[in-house]
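Have a look at the structure below before the remarks.
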Amino acid sequence: MSRRERGASLLIPVLLIVTVGAFAVVVAAGQSGADIDGTNAQADSTEALFLAETGIERATRRFLAGSACSAAGLSENLANLATIGIAAGRTITITAGANSDNDFAGVALPATQCRIEATGRVTASNVSRSETPGAGVLERRPTMNCSPQRVDALTPCTAQAIKLPLVER
């Protein structure tokens, strides 16, 4: 066997190793790209969830302040959140529809309860999350919050917000 033929046999394993190495680099780059995309989607989803929870808090505050349980009283679309330090391209939609004063079985709710939904959206990635208050209903009821200096049982007490757990939809 000549010297030239022995060099050719060494070339084949070297090319095989280079090819396998290049394939491994391409696969690793694709995986890290997918990981970055997944992380960005998770971050946008979490941000949309926080926006929806902000909408629930806003609706709760407005309902406890006396706003009617109706589309006119509680529904709103907040598209410009830059005034409160939230980046552009984020929206909060609070929905109290025609049946907001009925429970899910169609039975009328008492005046102290209201059914709403808030949706947070990150428009750049088109990710949205919706939230409803615990059991899907806001509750407005007075609780005893009187000072220890209360003189008699006729002194009025102030109404307090009832914190309900959020239900993710």
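Bear in mind these aren't lab numbers, they're just calculated from the coordinates by the rules spelled out. This one's a predicted model, so the numbers in the text were calculated from it and none came from an experiment. Neighbour counts run over all protein chains shown; Cβ positions are idealised from the backbone, glycine included.
Quick one: if you stick a label point 7 Å off each Cα along the C-beta vector at T19 and V107, how many nm between them?
Distance between the two pseudo-spin positions: 7.3 nm.
Computed FRET efficiency, Cβ-Cβ of N77 and I36, R0 25 Å: what is it to the nearest 0.05?
Working: r = 32 Å, r/R0 = 1.27.
With a Förster radius of 25 Å, E is 0.20.
What is the gain in length, in nm to one decimal, between A43 and A28 on full extension, counting 0.36 nm per residue of separation less the C-alpha to C-alpha distance?
Details: separation 15, 0.36 × 15 = 5.40 nm, distance 2.25 nm.
That pair, A43 and A28, stretches by 3.1 nm at full extension.
Using modelled amide H (1.01 Å from N, peptide plane; none on Pro or chain starts), what sits under 5 Å from the amide H of V127, excluding residues fewer than 5 places away?
Close amide H contacts, sequence-distant or interchain: V122.
Please compute one quarter of the surface area of the Cα convex hull for segment 25-85 and express it in square nanometres. All intermediate terms of the calculation are to be shown ahead of the outcome.
Values: hull surface 23.5 nm².
One quarter of the hull surface, i.e. the mean projection, equals 5.9 nm².
Which order do the peptides 48-56, 99-107, 17-25, 120-128 come out in when sorted by mean C-beta neighbours inside 10 angstrom, highest first? Could the numbers behind the result be given before it?
Numbers: 48-56: 21.6, 99-107: 12.1, 17-25: 10.0, 120-128: 17.6.
So the order, starting with the most tightly packed, is 48-56, 120-128, 99-107, 17-25.
Set the Förster radius R0 to 22 Å, insert the Cβ-Cβ distance between T123 and A68 as r into 1/(1 + (r/R0)^6), and round the FRET efficiency to 0.05.
0.15
Points 7 angstrom from Cα along the Cβ direction at A88 and S9: gap in nanometres?
6.9 nm
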